[in-house]
Amino acid sequence: MARNLGFLVLALFVASICEAAVFTPISDSHRSAALELFAATDGSLQSLEETYEALRTFEVLGIDKKSEIKTSTCKTVDDTLWSASSAPKDLFQALRVNGILKCDLNDEAFTGIASRLKDSVRDASTLLDFYYSISSLMLIKGQTSEVDVKLEDADGVFRAIKALSQSDGRWRFSTNNPESSTYAAGLALETLAGVISLASQEIDQSLIESVKKDVLKLFDATEKYDDGSCYFVDAQGSEGPISASSAVIRGITSLASSTSESLNLSGDKIMCLAKFFLGIGIPGSFKDLYYQVDALACLDKNGVSVPLILSLPASVLSVTQKDQLKVRVNTVLGSPAPPLSVKLMQIFTSGSKDASIIDQELKFDPATGLHVLETLPESIDIGSYTFSFEILLRDPEHKKTYATGGRTKLPVYVTGVVDVDQAEIIILDSDLGSAETKKKINVNGENSFALSANHLQKLRLTFQLTTPSGNAFKPHQAFLRLKHESGVEHLFLVGNSGKKFEIILDFLGLVEKFFYLSGRYDIQLTVGDSVMENSFFQPLGHVELDLPEAPEKAARPPPPPVDPISKYGPKAEITHIFRSPEKRPPMELSFTFLGLVLLPFLGFLIGLLVLRVNLKNFPSAALPAVFAIAFHLGIGAVLSLYFVFWLKDPFPPCLHIGKVEILLMNPSIKSSAIWRTGPVVSLYTRSDVIIPMEPSTSKPSTGRKRQREQEVSSPENHTAGDNLIFSDTSVALQMMRSQFPRIDKVSIQPFILRSQLYSSIKDRTQVDRELENLKREMVIRIFKLSTGQDDHAIMFLDDYHSQIERAVKRLNAKKQDDLVVFEWFKTHVLPSKPDPSIGHQELHSLLSVAGKVKEEHISLIINAGLLTRQLIDPNMYWFAIPNIGSILKGLTQGRKELLSFLNRRKYKEMMLSLLEKKRLRFSLLDMRFHLRDLIGSGGMIGYGEFVAIIYKGNGGIWMVVNAKHSQ
Amino acid sequence: MRNLVLLNLIGCISFVALLPWSTLSFSPENPTDRRILVLLDDVSLKSSHSIFFNALQSRGFDLDFKLADDPKLALQRYGQYLYDGLIIFAPTAERFGGSLDLAAVLNFVDSGHDVIVAADANASDLIRSIAAECGADFDEDPSAMVVDHTSYAVSGTDGDHTLIAADNLIKSEVLLGKEKIVAPVLFKGIAHSLNPENNLVLKVLSASASAYSANPNDKLSSPPSLTGSAISLVSILQARNNARVLISGSLELFSNRLLRAGVQKAGDFTKYEKSGNEQFVIELGKWVFHERGHLKAVNLTHHKAGESSEPAMYRINDDLEFSVEIYEWSGTSWEPYVANDVQVQFYMMSPYVLKTLSNNEKGLYHTSFKVPDVYGVFQFKVEYQRLGYTTLSLSKQIPVRPFKHNEYERFITTAFPYYGASFSAILSLHHDNLMETNQSEFFRNSTNAKLTLAGVYY
């Protein structure tokens, strides 16, 4: 902390030159600051302690605020003093306030308190107890002479307090507390001073001597600043340096006054503490201000030594205004000093070590209280100096009571007007050195030279600076600035030789630095110094420079600085320019053409009239007439339908025949219709849709076949009855189900591949979405197939159930009891798990809802083909269609066969009608099933209506299927 | 064991103490900072700069004064920031105590918190690097100060012209308050220049053209690196996350001494009773801690002209109405923000429409325009960047579709000849049909007539 504080004060006194620091006594600024701080508290002081601090500060600073708060505060003081329960601390505060306010109190109160305080002195154990009691007694002593405040056992009390002292001069607050503090030392010294003055008989001299030693030890522990001030630090850190130092000062000053003996403290120590308190300026908090003012007040009138502060009212002296050097000597609070004389001993020129010894006494001016040096010494020209003063006290007696602090060094600036002469700006020819253009500069007026130069020339600027005493002057700041119009700046220092300042800019050597930028350069000259009263900053005009072209490798000039503010602000508005509408022929032209177009029709009608057209042949018999009318109305209706269609759009839904018709035609069209692009099935009508159920190959069938047809139709009827509005996918599913090839060898319910759905419905996302819905609604089930990554089979749930039944029937031979698990599987697992796979745990728990499940049960399900194990994760099962194995084998082989077959064709293409007639050797499924599958999975592509093409490109085999309507 | 219990107890107490803070802390709805950590070189700065601190406290800030080398310094605990703002009045601190370092300060700013940094002569590398990260480069010469021989503050005791009376203030009401700062601002400290690559940092107070940065006690041997109005005395930075940083080259700028001092500028005979410092630092403090210049935009709505609900999509050439509400935080409440330069863009890769919004003086900004005849996915964009205000950046996506096939104009006159042709053909066919089937024998037998018909129709 000491380090930090050091930095602070350094920061505060950055202005001061190292060896000389400026300290000024308390002044009006303190008073106004105190009033401001007091005003900030709204005049309402919380406690007696704060009241005392405020009153004490105002008292010292000479501000009268007593009357404002006297009545209310006196009441509090009175209450506190009369109250029997008041602690010594409260009494102390009340008495302190009373000491300043002088409230109307009778001695009776004091007597009672005094006896109580004496008791508490006797019982006291901690330093604070002693402090409050003894200080209170001291205050009573000061406020009334009637009350007896003498301490009988002063020696004992003294010893008790002394027992708390430490070897380093600090004190402890109590015997229990081992930590010592400087603040406590201050309090202890003040208490001891009180004990000494309250003692009824002389205190043992040796005790006082030991206390004196403690004080000296305490002063050894001061922290010092470079500027000669010092302070105390509280080791515990509970109190800041201001309060700690203030307490110590109060302690030693009261000790000095009570013992009436010298404390053997040197004046320098006191001086450096005084400097510390003056150096902190005006504290921002009332508390600190109180500590500062209180400490300074103690120093102002103390028995040790009163510091005298030497200060300069003005340290900037102007030669032109003939300012005199004035010195003020005051005490710390700004009260006048005793008779003394001030001597100017030495003058140091700043920046050099040498000093001129003057030893001149300043004249005292009693009217202003200032010591004045009437004329500055001859040797002093303008510049900054450090003056060294010494205070000589007239009265030798005073030397004991006042501390002067030895020599005081103070910075002084002597300023004056500097003459600027012979200012010229010249353009020189390089080789000859002859002047091309020569301009005189008017330093005090406006200059606007327009010069021009090329890179072979030079620019020379000269001027002379002379101080008022005729000496050469060298300013701190002598800059020549060339500023290019693009914003690039170049700064040159103007050097001097004696009085003459000269700068020669050889443009040949500077082209690199100037980035080869030709053009206008503004010239600005700045000459300034802290002691030069006429520092100036002048634009001189401009020079037009003609520099050579930049070579390629030359450095680029820095980009001109972008004003960051420019990015703010609104942007220019943008409006969209709309396309102009298409040009149209004038209306008249269109109508003319309409007329022309209608002419033939008119001609036709006229022709009919000319030919005497009649309807005499119209059947007159009832039946033929009805048919004839119906026939013509029919044609008329068709034609008017066209008209309505043209007139109205969107087309009313009731007339939306759509393409459903196509499906209703005969089966061979149906099959090709599915392959055509576009949404094949779009049903918006509410009419019943008849889904063809007759497979194309159906013949008068056997009993078994008939049974199957019924099975096939059952889910269909069910769905159609429930949902009148079909989605494309469900219709496609129904249709494909009905077209599932009849397989005699294997008993399998119809299933559909997802890829087949894709082949017939364009929007795959819609397919997926609707499949998902159907799956959730428990209409279908989706199974993962082992044939490929993306192969999924879709089976209606009812079909699946019957498939399970068949699989179970085949297991019949085995244990009947276990077959119940299939029922569980159907009722519990299938409805709650629409996903294609299931974990072992989940399966187990779902099954056990129905009954006790054994591992054999699960193996039974697997054996029946309802579940297959996943290869990756043995705890996961795929749901599977029982009995599908041979068909799947056929599926893969059939795909291969079909693709290789087409691959062998010359153009990788084939007529679809021919292809359909082919039979596949390895597959149980029919050609249509495979074609749909391959088109949907991307193995082929359907295109047009006529031929099937396989096209082998980079990506693989493509087949273009063009279905021809042979009908 | 006892210590441990004690520690726990302290932990609990401090946690409890934190609770009421959290209700007051910075939030989008209440953007003014509440808790500020003040780092000091020395406790006495607290009293020597008390006017500035008291002004903050009286406005409801919770200042936590700590020494810069306090070993318990921390900005965050358990990932939560303990403070909303940071004031670093420790120009000489070579390193901070505790877990605080340069990276922690920068993270603090990166997470949207505000910082005031004051440097001074002999500023430490730490302070310099904090400033450098914010785009302000202090003069590298440690003993250099800003010196100005033409616009210094006249004083009887201060003769080296380092106390500068600066009046080159940025012109911005949001930064410096509505009331103009009349008296010059006293400055005593070091110069900095702004990094040209950082376009977020701004000079608030800049030096006059004759100023330069050098050690006033040494002769100059080379041109000073910073001269003229390139010198910035006080700068601000508003980061992209709206964190605000104030960088001052002078700690004394904030001190009671300069706040109370009278000022007379050299060469000017007007003497001001009080310098502009108090107004300057307090107003700037309000800005830094988000008591001013914090905007929020709400209720960005758009709809077709004449409708009120927001469509999912526009058609080209639709007329639409756009509105947004903008409010400014006044330190206690959200007040309507009134300006005439808020703009909206209708944007797809580049703005197709850029329009200034008109406002109703109550914070509602609105405009209407026609959707361009280009379809695609557009955005409504409000990019509002104004000096001193937080950046507003809103965008809302909206697709624009072309006409559907049935939305075009029907029955175009130009097409009438075609219609006429079609329908005359249809009607002719019907007539012919009628005639053909029901013609009398007489007519049928007339080969001549048949030929005529054939000539017309086949």
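The values are calculated or read from the model by the stated rules, or taken from the named source; none is laboratory data. Please read all numbers here as calculations on a predicted model, not as lab measurements. Cβ atoms come from the backbone with ideal geometry, glycine included; neighbour counts cover every protein chain shown. Heavy atoms of the whole protein, side chains included, go into the accessibility calculation; ligands, DNA and RNA do not. Shrake-Rupley method; radii C 1.70, N 1.55, O 1.52, S 1.80 Å.
Here, P(r) means the percent of Cα pairs in each 5 Å bin from 0 to the largest distance; for segment A:164-321 it is 2, 9, 17, 21, 19, 13, 8, 4, 2, 2, 1, 1, 0, 0.
Straight Cα distances below 14 angstrom link A:Lys438 to the aspartates and glutamates A:Glu424, A:Asp429, with same-chain residues fewer than 8 positions distant left out. Taking 10 °C and 1.306 mPa s as conditions, chain B diffuses translationally at an estimated 59 µm²/s according to Stokes-Einstein applied to its Kirkwood radius (Cα pairs).
According to the Cα-based calculation, Rg over Rh for segment A:308-415 is 0.97, with Rh computed by the Kirkwood formula. Counting only residues at least eight positions apart within a chain, or on another chain, the aspartates and glutamates with an alpha carbon under 15 Å from that of A:Lys400 are A:Glu261, A:Asp268, A:Asp300. Packing around the peptides A:574-585, A:633-644, B:215-226, taken as the average count of other Cβ atoms within 10 Å per residue, puts them in this order, highest first: B:215-226, A:633-644, A:574-585. For the chain pair B and A, buried accessible area totals roughly 7900 Å², probe 1.4 Å, rounded to the nearest 100. Averaged over peptide A:563-571, the number of partner chain Cβ atoms lying within 10 Å of each residue's Cβ comes to 6.
In chain B, Cα pairs under 8 Å separated by at least six residues give a relative contact order of 11 percent.
Solvent exposure of chain B, expressed per residue, is 44 Å² of accessible area, with all protein chains present and a 1.4 angstrom probe. Within the full protein context, the accessible area of B:Glu173 is estimated at about 110 Å² for a probe radius of 1.4 Å. Separation of the alpha carbons by more than 21 angstrom is noted for no pair of A:Lys784/A:Lys833; A:Lys343/A:Lys409; A:Lys275/A:Lys301. Once all protein chains are placed together, B:Tyr375 keeps about 140 Å² accessible to a 1.4 angstrom probe. Among the GluC sites (Glu not before Pro) in segment B:333-440, those placed in a DSSP loop whose Cβ has at most 11 other Cβ atoms within 10 Å are B:Glu361, B:Glu409. For segment A:195-331, the solvent-accessible area with a 1.4 angstrom probe is 35 square angstrom per residue. The lysine pair tally for segment A:120-240, using Cα distances under 15 Å and a gap of 8 or more places or different chains, is 4.
Loop-located trypsin sites (Lys or Arg not before Pro) in segment A:282-336 (DSSP state not H, G, I, E or B) with no more than 16 neighbouring Cβ atoms inside 10 Å: A:Lys301, A:Lys322. Computed over segment B:266-312, the quotient of the alpha carbon radius of gyration and 2.2 N^0.38 Å is 2.49. Taking 24 Å as the straight-line reach from the Cα of A:Lys917, the lysines in range (excluding those fewer than 8 positions away in the same chain) are A:Lys670, A:Lys699, A:Lys705, A:Lys745, A:Lys889, A:Lys896, A:Lys906, A:Lys908, A:Lys952, A:Lys964. The 1.4 Å probe gives accessible areas that order A:Ser246, A:Ser47, A:Ser174, largest first, as A:Ser47, A:Ser174, A:Ser246. A:Thr462 contributes about 10 Å² of solvent-accessible surface, heavy atoms of the protein only, 1.4 Å probe. The Rg/Rh ratio for segment A:419-548, using Cα coordinates for both the radius of gyration and the Kirkwood hydrodynamic radius, is 0.97. The separation of segment A:323-376 from segment B:370-429, counted between C-alpha centres, amounts to 92 Å. The portion of the accessible surface of segment B:197-287 made up by carbon and sulfur, rounded to a whole percent, is 47 (1.4 Å probe; DNA, RNA and ligands excluded). Computed over segment B:294-406, the range of Cα coordinates on each principal axis works out to 55, 28, 19 Å, biggest value leading.
For B:Ile87, the residues 5 or more places off, or on other chains, whose built amide H falls under 5 Å of its own are B:Leu37, B:Val38, B:Leu39, B:Ile116. Share of pairwise Cα-Cα distances greater than 24 Å in segment A:537-631 is 76 percent (whole percent).
Just checking the output field for B:218-225: average partner chain Cβ neighbours within 10 Å of each residue's Cβ?
The mean count of partner-chain Cβ atoms within 10 Å per residue comes to 3.
Mean partner shielding of peptide A:599-611, defined as the number of other chain Cβ atoms within 10 Å of each residue Cβ, is 4. Ranked from largest to smallest solvent-accessible area, with a 1.4 Å probe on the protein heavy atoms, A:Glu588, B:Glu278 come out as A:Glu588, B:Glu278. Note: relative contact order over segment B:19-288, using C-alpha pairs below 8 Å and six or more positions apart, is 19 percent. Centre-to-centre, using Cα atoms only, segment B:117-143 and segment B:307-364 are separated by 42 Å. Rg and Dmax of segment B:137-217, both derived from C-alpha coordinates alone, stand at 13.8, 42 Å. For the set B:His303, A:His371, solvent exposure ranked by accessible area (probe 1.4 Å, protein chains only) runs largest to smallest as B:His303, A:His371.
The portion of the accessible surface of segment A:308-415 made up by carbon and sulfur, rounded to a whole percent, is 49 (1.4 Å probe; DNA, RNA and ligands excluded).
Please work out the Cα center distance from segment A:82-115 to segment B:167-204, rounded to the nearest Å. Each part's Cα centre sits 57 Å from the other's.
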